[in-house]
Amino acid sequence: MREFQRTDRIGAELQRELAQLLRDEVKDPRLGMVTVQKVKVSRDLGHAKVYFTCLGSNADAQARQRLLNGGLAGFLRHELGRHMRLRTIPQLHFVYDESIERGERLSSLIEDAVASDQLSSD
């Protein structure tokens, strides 16, 4: 069996290209700093879920998700078609990745539990 599937390789390439396009080509100030975390491509290569994070609040992230899934997704798909050597470029679906916020929240809960445990044992 293959070590990497084709969808994984295409996802990694899409991630690199999208990160570069968002950094260099997109000039919309409403977008701000967006980081592409992962791209999952469907088996038929027709759709790609693009997981992203951004600086700011959760409300900002939802607004950026709407912006990315609007007309910007078509622009990015068109630019990907110019930069990548694929027969068809998958449709892009941007999803805000909450895993970093969840990890920070869990870390703070653990730190609070350890601090309260140390105070009760003293």
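Filtering the stretch 74-122 to residues that are modelled with pLDDT of 85 or more, under 30 Å from residue 45 (Cα atoms) and of a type in the set (A, V, I, L, M) leaves 76, 80, 84, 86, 89, 92, 95. Residues in the stretch 23-60 that are out of contact with any helix residue (DSSP H, G or I) (no Cβ under 9 Å at 6 or more places or on another chain), small (Gly, Ala, Ser) and over 20 Å from residue 90 (Cβ atoms): 57, 59. Restricting the first member to the stretch 59-87 and to residues that are farther than 14 Å from residue 34 by Cα and open to solvent by 50 Å² or more (accessible area, probe 1.4 Å), and the second to residues that are among the β-branched types (Val, Ile, Thr) and assigned to a loop (DSSP other than H, G, I, E, B), the beta-carbon pairs closer than 7 Å and six or more apart or on different chains are 77/89.
The values are calculated or read from the model by the stated rules, or taken from the named source; none is laboratory data. All values derive from a computational prediction rather than experimental measurement. Positions of Cβ are backbone-derived with ideal geometry, glycine not excepted, and every protein chain shown enters the neighbour counts. The accessibility values were calculated without ligands, DNA or RNA, using every heavy atom of the protein model including side chains. Shrake-Rupley method; radii C 1.70, N 1.55, O 1.52, S 1.80 Å.
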